[in-house]
Amino acid sequence: MKVVLAYSGGLDTSAALGWLKQVRGATRVIAVLVNVGQEDDFPMLEERAYRLGADQVHIIDKRAAMAEQGIAPMLKLGAVYEQDYLLGTAIARPFIADALVEVALESGAGAICHGATGKGNDYLRFEQRVKILAPGLTIISPWREWACNGREEAQAMVAASGVSIPTKSFDYSIDANLWHTSYEGGTLEDLSQPPAPFFIDQMSQEGEAEVTLTWQKGLPTKLNGQALPLDQMITELNHLLAPTALGWLDLLETRTNGLKSRGIYHTPAGTLLYRARTALNQCWFAKPTLDYLNRMGSEYGRMLYQGLWQHPIQKAMQAAVDSLYAEAEGTICLRIKGAAVHILARQANPNLFADQLGGFGHMNQWNAGYSEALVFFQHLQNYSVPAEFAMQATPAVG
Ligand code: ARG
C-alpha cells in the first residue's frame with residue numbers, strides 16, 4: 001500500500017508517519033509538505049520526515065494559488081466566520097488537499113493520510129476536497145484509528161520512533177500560513193486563565209507602520225507604489241506590521257460539529273486589507289450593494305469554514321463580486337499604531353461620496369422638499385397615516 005501523507009512536520013503528522021509504516025502496514029509513504037506561506041525550516045522538516053521513515057518527500061509551493069484562487073475571492077467578498085474569524089486555516093486546507101491529490105495521482109498511490117483530529121474542522125476540509133477531486137482514493141485518518149488519548153501520547157509515539165521534536169511546539173497546536181497563525185489547545189482550553197504572556201506581549205506592542213495601497217477591480221495591486229502579486233503583498237505587509245499589534249483575535253468559535261473551540265489568531269495583513277476594503281467599499285457602493293456584500297461575506301465564510309470549497313453557490317458568489325468590482329479602483333493610505341488603524345486618505349473611482357450634497361455646507365444645493373418627503377414616506381412605513389390624509393371612519397353597515 002502506497003500512501004501520500006499530508007506532512008507539516010508538526011506533532012500529529014510526524015506521529016502519523018511512523019505509525020503508517022510501523023503499524024498500519026504502508027509499504028511506501030510519500031510525505032507531502034505544502035508551502036502555504038508558513039515560515040518553517042523546510043530542509044530540516046524534510047530531513048525529519050526521512051528519519052521518521054518517509055520514502056519520498058515532496059515540497060510543493062501553493063502560495064500563489066492560495067492567494068489568487070483562495071484569498072482574492074475571500075477578500076472581495078469580505079468572508080468572515082462568526083463575525084470575526086478571517087478563515088486562515090480554512091482557506092489553506094483545500095490547497096493542501098490539491099497538492100496531495102496531485103502527488104497521489106502522479107505516483108499511483110491508493111491512499112491519502114492526514115493528521116487532523118476528528119474533533120475540529122480540518123478533516124472535513126481535507127476529506128471533502130479529496131473526495132471531489134479523486135473519489136477513488138482511500139482516506140486514512142490516524143486520529144480515528146489510534147488508541148492514543150491525546151497529544152502527550154502522540155508525543156510518546158513520536159519519541160518511540162527515535163525522533164525528537166522540540167517540546168516547545170507541543171504547548172499549542174499551531175497552524176501557520178501566509179494569511180494567519182492560529183493557536184489552539186494547551187492553556188487556551190481553560191477559559192478562566194488569561195492568554196500566556198507570549199500572547200499578551202504581542203497583543204500590546206506599540207509599534208507603527210504606514211502603508212499606501214492601490215486597488216484595482218476590488219483587489220490590492222500595489223503596496224507603497226510597488227506592484228506585487230497578492231501572495232508577496234501579504235508577506236510584505238505581514239513584515240511591515242510585525243512591530244504593531246494589529247490582527248490579534250481571541251475567539252470562542254462554534255465548530256461545524258457544534259463543539260465550541262477557543263483559539264487565538266494572528267492575521268496582520270488580512271486584518272489591514274479587510275479594513276482597507278471596507279473603507280473603499282464605502283466610496284464605491286450604494287446601500288443595497290453594501291448590505292448584500294455583507295450577507296454574501298458571512299454566507300461564503302460559513303461555507304468555507306465548513307469545507308464546502310468551490311460549491312456552486314460559492315462560485316456564483318465569486319462571479320457576483322467579480323462583476324460588482326469590475327470598475328472599482330482606488331488608493332488608500334493607512335497608519336497603524338499598536339492595534340489601531342487610522343485611515344489617513346482615500347481616493348476612489350467611482351466615488352459615491354458627494355461633499356456638496358452630504359456635507360454641512362452648500363445648503364442651497366439641497367431641496368428642502370426632499371427632507372419633508374422622506375419624513376412622510378418613513379412615517380407611512382410606521383403604519384400611521386397623517387391626519388389630513390386619514391379616511392373618515394367607515395359608517396356601520398345597515
Ligand atoms: N479553528 C480554526 C479553524 O477551524 C483553526 C484550526 C486549526 N488550528 C490549529 N491550531 N490546529 O479554522
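Those residues that are of a type in the set (Asp, Glu) and within 11 Å of the ligand (Cβ to nearest atom), I need them from region 170-187; list them, please. I'd like the intermediate steps shown before the answer.
As a first pass, look at region 170-187 and keep what is of a type in the set (Asp, Glu): 171, 175, 184.
Within region 170-187, 175, 184 qualify.
Of everything in region 99-119 that is surrounded by 20 or more Cβ atoms within 10 Å (Cβ to Cβ) and over 15 Å from residue 138 (Cα atoms), the residue that is farthest from the ligand (Cβ to nearest atom) is 99.
On the basis of being of a type in the set (S, T, N, Q) and either assigned to a loop (DSSP other than H, G, I, E, B) or within 18 Å of residue 68 (Cβ to Cβ) (or both), does residue 310 make the cut? Judged against the criteria, residue 310 is a match. Candidates in region 59-86 are the residues that are assigned to a loop (DSSP other than H, G, I, E, B) and among the charged types (D, E, K, R); of these, the one that is farthest from the ligand (Cβ to nearest atom) is 62. Being of a type outside the set (Lys, Arg), surrounded by 21 or more Cβ atoms within 10 Å (Cβ to Cβ) and either within 16 Å of the ligand (Cβ to nearest atom) or under 18 Å from the mean Cα position of the chain (by Cα) (or both) is a property that does not hold for residue 252. Any residue in region 230-249 that is touching a helix residue (DSSP H, G or I) at 6+ places or on another chain (Cβ under 6 Å), more than 13 Å from the ligand (Cβ to nearest atom) and either at positive phi or free of Cβ contacts under 8 Å to residues at least 40 places away in the same chain (or both)? Yes: one or more hits. On the stretch given as region 133-152, residues that are away from the ligand (no atom under 16 Å from the Cβ), in contact with a helix residue (DSSP H, G or I) (Cβ under 9 Å, 6 or more places away or on another chain) and not in a strand (DSSP E or B) total 9. Scanning region 255-290 for residues that are among the polar types (S, T, N, Q) and either surrounded by 19 or more Cβ atoms within 10 Å (Cβ to Cβ) or within 16 Å of the ligand (Cβ to nearest atom) (or both) turns up 256, 257, 261, 267, 271, 281. Pairing residues of region 88-103 that are on the phi < 0 side of the Ramachandran plot and in a helix (DSSP H, G or I) with residues that are within 12 Å of the ligand (Cβ to nearest atom) and hydroxyl-bearing (Ser, Thr, Tyr), at Cβ distances under 8 Å and at least 6 apart in sequence or on separate chains, gives 88/181; 88/182; 88/265; 88/267; 89/182; 90/81; 90/305.
Bear in mind that the values in this text are calculations on the coordinates, not laboratory data. Because the structure is a prediction, the values reported are computed rather than measured. Glycine gets a Cβ as well: all are built from the backbone with ideal geometry, and neighbour counts include every protein chain shown.
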